[in-house]
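Here is the structure we will look at.
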Amino acid sequence: MKRSSWGFGQIVLLSLHVSLTTAFSDSILQILPENSGSSPHHRHRHRKIPRDDNLYCDSWRFVVEANDVGPWARIPSRCVAFVQDYVTNDRYRADSEAVADASLEFAKTVKVSGNGKDAWVFDIDETLLSNVPYYAVHGFGCGHRSETFDENSFDEWVDLAEAPALPASLRLYKELEQLGFKISLLTGRTEFQRSATSKNLDYAGYSNWERLILSLQI
C-alpha cells in the first residue's frame, strides 16, 4: 500500500480521525471556520485572505473532511494562505484537543478487563506524529512551491526520525495506557521504515506499544 498523494489531506482530516518537542511543534498544527469575518480579531488575523477565498477554502475543507472531493493531488492555489494559517496557528491543535477529549470520554466508558485483550489502535502519520515540518518545506501542497506528493523526499524525512508528537494525541496515548488499554500502531509506512519509525516514536514520547504494523513493500 502506497501513501496517497499529498499527505496534507490527512492533516485536514485529523480533526475527524484522531482515535497533538519542539518550539516549532508548539506553535504549529491548525482551518478556521471564520466565514463571516465579523469579528475584528478575525478580520485582522485573516486580512491577507480575501473573503471569497476564505469561504471557498472553508467549503473545500468541508468536502475533503467528508471524503467527497474525489482524487486530488494539490491543494487549490487560492487556498495557500488559508491552509498555511490552519497548520501554523491554534485551530488545528484545538480541533485535535476536542477529538482527543471525546475519545478519552469514550475510553472511560469501557470496562477494561485486564486480560490484555482491550486494545486501542492508532494511525501514525498526522495522528501520533506530525509531518508539518516536512510539508512546510514543500509549500503545504499549494502556492508557488506547489508540488504533488513525492515518495522519495518523504522517505528521507521519515529516515530523519524527527517528526514531533501531536500534543493531544500524546496526552490521549498516555491516558489510555493508564486506563489499561494495550496499544497497537497501524501505518501505511513500509516495513523497511520500521527502525526509523520506532526511533521517531520513542523520540516523540510514545512507548510501551504492543505492535507496530507496517505495510509490505510493493
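The values are calculated or read from the model by the stated rules, or taken from the named source; none is laboratory data. Everything numeric here is computed off the predicted structure, so don't read it as measured data. Because the Cβ atoms are built from the backbone with ideal geometry, glycine has one as well, and the counts that use them run over all protein chains shown. Just the protein is used for accessible areas: all its heavy atoms, side chains included, with ligands, DNA and RNA removed. Shrake-Rupley method; radii C 1.70, N 1.55, O 1.52, S 1.80 Å.
Per-structure values
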read-out	value
Subset of the range 89-119 [open to solvent by 50 Å² or more (accessible area, probe 1.4 Å), within 21 Å of PRO133 (Cβ to Cβ) and either hydroxyl-bearing (Ser, Thr, Tyr) or part of a loop (DSSP other than H, G, I, E, B) (or both)]	ASP90
Search result, residues across the range 191-218 that are surrounded by 13 or more Cβ atoms within 10 Å (Cβ to Cβ), in a loop (DSSP other than H, G, I, E, B) and among the hydroxyl-bearing types (Ser, Thr, Tyr)	TYR206
Single match in ALA81, ALA73 (criterion: assigned to a loop (DSSP other than H, G, I, E, B), under 21 Å from HIS138 (Cβ atoms) and modelled with pLDDT of 50 or more)	ALA73
Unique match (being under 22 Å from ALA204 (Cβ atoms) and in contact with a Gly (Cβ under 7 Å, 6 or more places away or on another chain)) among GLU162, GLU126	GLU126
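Let's see how each residue does on (1) at pLDDT 95 or above; (2) under 16 Å from the mean Cα position of the chain (by Cα):
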residue: VAL121; (1), (2): yes, yes
residue: ASN131; (1), (2): no, yes
residue: ALA136; (1), (2): no, yes
residue: GLY143; (1), (2): no, no
residue: GLU147; (1), (2): no, no
residue: ALA165; (1), (2): yes, yes
residue: SER184; (1), (2): yes, no
residue: SER198; (1), (2): yes, no
